[in-house]
Amino acid sequence: MSSDRKEEIKNWAVYFLSAMAAVFIHETGHCIPAWLHGYPAVPTPAMEYILHPVTVEQNQWISLGGYIGTVLYIMVVLIIFLFTDFKYNSALYAGAAAVSGMYCALFFINGRGHGGHEFQEAQAALGFSYSGHSLDVFFLTIFTFLTALWFIRTRPGYKIIPKLLTAAIVTFFFFIALEWVNNSIFDPLFKAGAFPRN
Ligand SMILES: [Zn+2]
């Protein structure tokens, strides 16, 4: 295998690992408010299981915790991207940006950036309108900003656009597959004891 090919594979590996890290940190973020109340909760790679009944207000904080996790991960990766010489900087950053891209894709398909009522619950925790679209707007802004910054910093040229569109489609199905595999494994273990959050 040529060394160029090896480097490309390593970049893709970093990209998908970064996207998976972003999702796991999001799920952990959901669990932290539950843990702070002393409730059992289990984060898995693509789903959180809250194993105790929660009040409406606690549920709003549990929802918001996921997005605080997502935003913190994006901020850490942004700092690494801008201020370090890490070899796989660009792939690491793109993996974090992909999560906000997924919310945008779901917004355009479903009219909401997230399944269930998670965006609405998190908006309520922040004091924004429950039925509004503040989190949708927030992630549309974040994704546009991150993508523009990536283009400015890496200057990939216009020829990369078909490759990026392919990557976007692959990423979309990657996230769906990740959730499906995750839930196939962990639902039988935790779902019976978990309380529906929406
Ligand atoms: Zn979530």
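Please treat every number below as a calculation from the coordinates, not as lab data. Keep in mind it's a predicted model, so treat the numbers as computed, not measured. Methodologically, a virtual Cβ is constructed for each residue, glycine included, from the backbone with ideal geometry; neighbour enumeration extends over all protein chains shown.
Could you tell me which of rounded, prolate or oblate describes the chain, using a ≥ b ≥ c as the square roots of the eigenvalues of the alpha-carbon gyration tensor, with rounded for a/c under 1.5 and, failing that, prolate when a/b is larger than b/c and oblate otherwise? Prolate shape, in that a/c is at least 1.5 and a/b is the bigger ratio.
With contacts taken as Cα pairs under 8 Å at a separation of at least 6 residues, the chain carries a relative contact order of 24 percent.
Angle, helix 3-36 long axis vs. longest principal axis of the chain, Cα atoms, 0 to 90°, nearest 10? Roughly 20 degrees, rounded to the nearest 10.
Between the Cα long axis of helix 89-110 and the first principal axis of the chain there is an angle of about 50°, rounded to the nearest 10. 3J(HN,Hα) couplings calculated from phi for region 43-56 with the Karplus curve 6.51 cos²θ - 1.76 cosθ + 1.60 (θ = phi - 60°) are, in sequence order, x, 10, x, 9, 6, 10, 10, 9, 9, 7, x, 10, 7, 4 Hz; Gly and Pro show x.
Checking the cross-link pairs LYS6/LYS159; LYS10/LYS191; LYS163/LYS191 against a 31 Å limit on the alpha carbon distance flags LYS10/LYS191; LYS163/LYS191 as lying beyond it.
Couplings 3J(HN,Hα) of region 59-75, computed from phi: 4, 5, 5, 4, 5, 4, x, x, 6, 5, x, 4, 5, 4, 4, 4, 5 Hz, in residue order, whole Hz [Karplus 6.51 cos²θ - 1.76 cosθ + 1.60, θ = phi - 60°; x for Gly and Pro].
Once both labels are positioned 7 Å from their Cα atoms along Cα-to-Cβ, the gap between PHE108 and THR144 label points is 1.3 nm. Helices in the chain, meaning DSSP H runs of at least 4 residues, each add -39500 (n - 2.57). Divided by all residues, the mean residue ellipticity at 222 nm is -25500 deg cm²/dmol.
For region 125-191, the square roots a ≥ b ≥ c of the C-alpha gyration tensor eigenvalues yield an a/c of 1.5 or more together with a/b not exceeding b/c, which makes the shape oblate.
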